[in-house]
Amino acid sequence: MDDPLAPDPAPIALDVAPEPALPALFGAAIGVVGAGRYLPLFAQWEADGKSRPSWNWAAGLCTFNWMLFRRLWLPAALYAAVLLVVPLLLVGVGRLLLQWSETTELATLLGCAALAFVVPSVLGDALLYRLCRTNITRALEMSPTLEVACSVLRQRAPSRVWLQRQIVINALGLGLLVVIGYLVWPAAPEIQEPVAAPTPIQPATPKMPAASTTPEVAVVAAFTSEAASAPVAIAASAPASASVSALTPVPLPASEPSSAAIATQAVTAPTPPLQAREPAASAATSTRADKGFLINVGLFADPDNARLAYVKLVKAGLPAQREVLLFKSQRVTRVRAGPFASRAKANAAIARIKKMQLDAVLAKP
């Protein structure tokens, strides 16, 4: 393809009336669309004997469509090839060989987009001028008169019908791309809310009859009520004899004791050795910690904020979990990521979580 900025050959000269014939030939070659803009510019370039850089908004904003409408077939094919190959080639070489960062790749793509807009805007008029000169020369060579040459040029020039067809084709193509994108775009994963474990039903404490008969029955009833209201979880290491002796009723004396003796005996009655139960949540937490490494993402007083952090982790493909804890007499939600099989995987997950604008601290084992 000729250089559009190179000096053009001598102006076209006709044997009969060159001045009126030149606008007629260029007007027929340009067509009815845009003749008011291009005709004075091309006439000036024809008088100067060369073309100059100018600015064409249509060629810059809708480059490929503008070239197809003006029947610039070869420049349109070269533009499409360069637009597809050059950015991919630059990004591929920069990523594999030069280890470019994401910022550098984005700057490179923006630079390619700027060139794809500026270059056609500056050289578009010159390309169309060269095409019109070529078509005028061919029409004059194959036509016996000026009228026949203008008729041939009008048949080859772009028309309003061709413009309308091109608009319809672009609208259909855009609609097809929207439909394909809607069908191909992955749907957001459904987040399953964790179901709280059912609260175990505590056995009802049997009510003992009131001590309304004898002092001996009152002592036995008081001791039995105290043993039933205490926690029933006894340490595994406690001997069986202690449990049996704790549940054995206190023997009553043969004679009726005084009220002071009954009170003293009730106070000094042996109590079963009990051991505080560890919360189930602590056992579950330690079990999870033994299976891998956990990452603390944060403690949230607002359940909605905890849910947003949990959803971010799940959408990123990271294992996540939530726990409701009591912190300083307030219910808070702890969000964690994991467990991970190794510390290296946990560190990699920490880097990904921090990119999501979330806190990420490796939990202590």
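Return the residues of segment 295-339 that are in a strand (DSSP E or B), aliphatic (A, V, I, L, M) and touching a Leu at 6+ places or on another chain (Cβ under 8 Å); say none if nothing qualifies. Can you show your working first?
Quick first cut of segment 295-339, residues in a strand (DSSP E or B) only: 295-300, 320-326, 331-339.
When the remaining residues are screened for being aliphatic (A, V, I, L, M), the result is 295, 297, 299, 320, 324-326, 332, 335, 337.
Once the filter is applied, which keeps residues that are in a strand (DSSP E or B), aliphatic (A, V, I, L, M) and touching a Leu at 6+ places or on another chain (Cβ under 8 Å), segment 295-339 yields I295, V297, L299, A320, L325, V332, V335, A337.
Would you say A281 is loosely packed, with under 14 Cβ neighbours inside 10 Å, closer than 30 Å to V361 by Cα and at pLDDT below 50?
Criteria met by A281.
Tell me, please, whether a residue that is of a type in the set (A, V, I, L, M), outside any helix (DSSP H, G or I), without any contact (Cβ under 8 Å) to a residue 12 or more places away in the chain and farther than 15 Å from W66 by Cα can be found in segment 147-158.
no
In segment 19-78, what count of residues is obtained for those that are at positive phi and over 43 Å from the mean Cα position of the chain (by Cα)?
Residues in segment 19-78 being at positive phi and over 43 Å from the mean Cα position of the chain (by Cα): 3 in total.
What are the pairs, 6+ residues apart or on separate chains, where a residue within segment 13-35 that is among the aliphatic types (A, V, I, L, M) has its Cβ under 7 Å from a residue that is outside any helix (DSSP H, G or I) and at pLDDT below 85?
What qualifies is A21/L14; L22/I12.
Check segment 56-70 and report whether any residue there is among the β-branched types (V, I, T), farther than 30 Å from P144 by Cα, modelled with pLDDT of 90 or more and crowded, with 17+ Cβ neighbours inside 10 Å.
Yes, segment 56-70 contains a residue that is among the β-branched types (V, I, T), farther than 30 Å from P144 by Cα, modelled with pLDDT of 90 or more and crowded, with 17+ Cβ neighbours inside 10 Å.
List the residue pairs whose Cβ atoms are under 8 Å apart, where the first residue sits in segment 76-100 and is crowded, with 16+ Cβ neighbours inside 10 Å, the second is among the charged types (D, E, K, R), and the two are 6 or more positions apart or on different chains.
V91/E105
Of all the residues that make up segment 98-131, how many are over 30 Å from G27 (Cα atoms) and either in a helix (DSSP H, G or I) or charged (D, E, K, R) (or both)?
Final tally of qualifying residues: 14.
Condition first: hydroxyl-bearing (S, T, Y) and either closer than 23 Å to E147 by Cα or surrounded by fewer than 15 Cβ atoms within 10 Å (Cβ to Cβ) (or both). Now tell me which residues in segment 25-55 satisfy that.
Scanning segment 25-55 gives a single hit, Y38.
The values are calculated or read from the model by the stated rules, or taken from the named source; none is laboratory data. All figures in this text were calculated on a predicted structure; none of them were measured in a lab. Cβ coordinates were reconstructed from backbone atoms using ideal geometry, including for glycine residues, and neighbour counts include every protein chain displayed.
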